[in-house]
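J.: One structure coming up, written as structure tokens, with questions to follow.
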Amino acid sequence: MKITLKSRGEISLMAEAGRILATAHEEMRKAIRPGISTYELDQIGEKTMRSMGGNPACLGYEGYPAAVCISVNDEVVHGIPKKERILAEGDVVSLDTVVEYQGYHCDSARSYGVGQISPEAERLLRVTKESFFEGLKMCIPGNHIGDISRAVFDCVTRNGYGSVRALTGHGIGTSMHEEPNVPNFPTFFKGPKLKPGMVICIEPMNNLGTYDVNFSDDGWTVTTADGEISAHYENTVLITKNSPVILSRADGIEL
Ligand code: MF3
Ligand code: CO
């Protein structure tokens with residue numbers, strides 16, 4: 001399938017999905033504390049989405065068993081929420097989820113510290129968010145996907161971290177994954193040209209150590225190859241003729 005350009009009507013549905021999504025993230029964020037299980041966080045996320053008329057698009061996607069991907073410490077992405085997985089002081093937790101609203105999707109991820117975390121973990125979280133915004137600056141028509149990739153990658157590597165290569169960002173719309181891929185590393189080809197109406201998910205996944213990852217036996221959880229911690233930050237971004245617009249947001253909720 002080729003890259004789709006969204007109409008105003010489609011964009012407003014994606015923005016509504018984004019408002020629901022941001023609210024679900026905010027409710028989960030507020031609940032994070034030592035002693036809570038990743039299952040409980042998932043339930044909070046799912047309930048919030050449903051209460052606002054959204055659907056948890058991850059639930060049942062390719063057989064995924066929950067509404068939210070919750071990845072702790074050395075888990076990079078796609079961790080499965082579990083009643084037995086209890087968060088502890090000092091953990092880094094990444095929440096990645098997708099809302100579907102009237103056929104349209106919005107996808108975002110946030111990483112947080114649980115209680116007090118180490119200065120090196122704080123720095124990883126800060127740089128991971130920063131690397132998204134470096135990519136966002138490249139989101140103007142005429143630039144290419146490769147400009148985003150390079151900006152993210154440069155920020156991550158300049159700070160000494162591993163930028164995961166095994167997974168990428170992506171287009172989004174009536175499906176949660178559409179063309180084009182949005183890598184977090186430079187590729188030989190500069191990729192498609194950005195055009196107004198394109199909607200993409202930019203999602204740096206950054207490791208304290210090596211960028212190399214393993215895929216675990218549960219079929220989902222991706223972990224760092226060296227066991228070091230990882231962080232993930234993602235938003236759904238609309239390209240316009242002027243500045244890009246983050247669709248995965250809500251008034252009064254911090255990005
Ligand atoms: N944001 C995640 C991704 O783009 C959502 C995955 S949902 C899952 O990979 F069902 F695949 F887990
Ligand atoms: Co995504």
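The values are calculated or read from the model by the stated rules, or taken from the named source; none is laboratory data. For clarity, every value in this text was computed on a predicted model and none was experimentally measured. Every residue, glycine as well, gets a Cβ built from its backbone with ideal geometry; the counts of neighbours run over all protein chains shown. What goes into the accessible areas is simple: the full protein's heavy atoms, side chains included, and nothing from ligands, DNA or RNA. Shrake-Rupley method; radii C 1.70, N 1.55, O 1.52, S 1.80 Å.
J.: Looking at the range 187-203, is at least one residue closer than 20 Å to I80 by Cα and buried (at least 22 other Cβ atoms within 10 Å of the Cβ)?
T.: Looking for residues that are closer than 20 Å to I80 by Cα and buried (at least 22 other Cβ atoms within 10 Å of the Cβ), one finds at least one in the range 187-203, hence yes.
J.: Could you check N235 against (1) open to solvent by less than 50 Å² (accessible area, probe 1.4 Å); (2) assigned to a strand (DSSP E or B); (3) over 24 Å from D91 (Cα atoms) and say which number it fails?
T.: (3)
J.: Return yes when A67 is more than 14 Å from L208 (Cβ to Cβ), within 14 Å of ligand 2 (Cβ to nearest atom) and open to solvent by less than 20 Å² (accessible area, probe 1.4 Å) and no when it is not.
T.: no
J.: Could you please find all residues in the range 72-127 being in a loop (DSSP other than H, G, I, E, B), open to solvent by 40 Å² or more (accessible area, probe 1.4 Å) and among the charged types (D, E, K, R)?
T.: D74, K82, K83, E84, R85, E89
J.: Among what's in the range 131-159 and is more than 18 Å from the chain's Cα centre (by Cα) and farther than 20 Å from S243 by Cα, pick the residue that is least open to solvent (accessible area, probe 1.4 Å).
T.: N159
J.: Check whether at least one residue in the range 216-229 is open to solvent by less than 20 Å² (accessible area, probe 1.4 Å), among the β-branched types (V, I, T) and without any contact (Cβ under 8 Å) to a residue 60 or more places away in the chain, and report yes or no.
T.: Taking every residue of the range 216-229 in turn, none turns out to be open to solvent by less than 20 Å² (accessible area, probe 1.4 Å), among the β-branched types (V, I, T) and without any contact (Cβ under 8 Å) to a residue 60 or more places away in the chain.
J.: Can you spot a residue in the range 160-169 that is at pLDDT 95 or above, open to solvent by 10 Å² or more (accessible area, probe 1.4 Å) and either of a type in the set (A, V, I, L, M) or within 22 Å of T240 (Cβ to Cβ) (or both)?
T.: yes
J.: Then there is this: Show the residue pairs meeting these rules: Cβ distance below 6 Å; 6+ apart or different chains; first residue within the range 141-170 and touching a residue at least 40 places away in the same chain (Cβ under 8 Å) and under 24 Å from E122 (Cβ atoms); second residue open to solvent by 40 Å² or more (accessible area, probe 1.4 Å) and of a type outside the set (D, E).
T.: Listed by first residue and then by second, the contacts come to G162/T210; G162/Y211; S163/F153; S163/Y211; V164/Y211.
J.: For the range 171-199, which residues satisfy the criterion of being touching a residue at least 60 places away in the same chain (Cβ under 8 Å) and either within 16 Å of ligand 2 (Cβ to nearest atom) or within 13 Å of the chain's Cα centre (by Cα) (or both)?
T.: Once the filter is applied, which keeps residues that are touching a residue at least 60 places away in the same chain (Cβ under 8 Å) and either within 16 Å of ligand 2 (Cβ to nearest atom) or within 13 Å of the chain's Cα centre (by Cα) (or both), the range 171-199 yields G171, I172, G173, T174, S175, M176, E178, E179, P180, M198, V199.
J.: Output the residue which, of all residues in the range 1-29 that are charged (D, E, K, R) and open to solvent by 60 Å² or more (accessible area, probe 1.4 Å), is farthest from G103 (Cα to Cα).
T.: Here the residue is R29.
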